[in-house]
Each structure stands twice: as C-alpha cells, then as structure tokens.
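No value in this document is a laboratory result; all are computed from the given coordinates. All values derive from a computational prediction rather than experimental measurement. Positions of Cβ are backbone-derived with ideal geometry, glycine not excepted, and every protein chain shown enters the neighbour counts.
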Amino acid sequence: MMDDYNEKVIDNFRNPKNMGSMDNPDAEGEVGNPTCGDIMKVFLKIDNNIIKDIKVKTFGCVAAIATSSKMTELALGKTLEEAKDLTRDMVAKELGGLPAQKMHCSNLSVEALHKAIDNYQKKHMTKEHTTD
Ligand code: FES
C-alpha cells in the first residue's frame, strides 16, 4: 500500500529516472524475485571503466521502481569498482528507508547492476585472452 512508503520513495516512484532499455549496451544484468515475480534488468554503457549511461527496466511494485531509479542515480558516473561497492542499504538510505517487508523483496536493483558489471568484466577478460 502507498501509505507504507515515505515521500521520497513515492516521489522516486512517480518520477523514476533512467527507465527503459538501451540500444547496443556494453553490458546487461537481470534479476528476478521468485517470491513476488518482480523483474529488473539493467543496461550499461561503459567507457574507460566508467558508467557513462545506465537504464533500468523494472516490472514491479512501488518499491521496486523507486529503488531501481535511485540505484541508477547512484551508479551513473561511477567507476566499475565504485559501482560494485554500492549496496542495498545505500539505496534504501538514499530513499529515506523502506518498509521492513519490502527491504529484501524489492531492493534488488544493485544486484542486477553487479551482474551487469560481472558480465562485462568476464567478456573483456576472455576477449583479452583470445586476441593475443
Ligand atoms: Fe515488489 Fe517484491 S513486491 S519487489
């Protein structure tokens, strides 16, 4: 229910940033929540180890959309290492807190981000090995 959420969460839900997909992303990562069926997919453009652009496609509840949006704002412009250090707690804190029952359910977007970075780094490692 809407009344469980603070104003910041509602505001991020109403005006989410960086929503949608991306043409030719450098990396993608997806997480799904088996319990509630919400899905988040992250797309990244990476240049010189820095996240130059980020989009997130989220099918989910108010908290899933608010946390996805906030995650993109925190990740944009960061190096891959800095982005890997982002945590669920940082996202929740930036939103002024989440209802306890939503904390573990909805706050998955950092994991999608970390997956995208892992995929990117794996791809680049294999490329480096095969081009020699
Ligand atoms: Fe939204 Fe679970 S109900 S993430």
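Relative to the longest principal axis of the Cα atoms of the chain, the long axis of helix 109-131 lies at roughly 0 degrees.
Extending 7 Å from the Cα toward the beta-carbon at both N48 and E111 defines two label points whose distance is 3.4 nm. Taking every DSSP beta bridge that has both ends in the chain, the antiparallel portion is near 95%.
Maximal additional length on extending the T87-Q101 stretch stands at 3.3 nm, based on 0.36 nm per residue less the C-alpha distance. Filter K93/K123; K78/K102; K52/K102; K93/K122; K41/K123; K8/K115 down to the pairs with a C-alpha to C-alpha distance above 25 Å, please. Pairs exceeding the cut-off: K93/K123; K78/K102; K52/K102; K93/K122; K8/K115. Classify the chain as rounded, prolate or oblate, taking a ≥ b ≥ c as the square roots of the eigenvalues of its Cα gyration tensor: rounded when a/c is under 1.5, otherwise prolate if a/b is larger than b/c and oblate if not. It comes out prolate by the Cα gyration axes. Anisotropy class assigned to region 1-56 is oblate, per the alpha carbon gyration tensor with a/c at or over the 1.5 cut-off and a/b no larger than b/c. For D11 and D23, the difference between the fully extended length at 0.36 nm per residue and the C-alpha to C-alpha distance is 1.6 nm.
Protection proxy ranking of 65-78, 10-23, 44-57, by the mean of other Cβ atoms within 10 Å over each peptide's residues and highest first, is 65-78, 44-57, 10-23.
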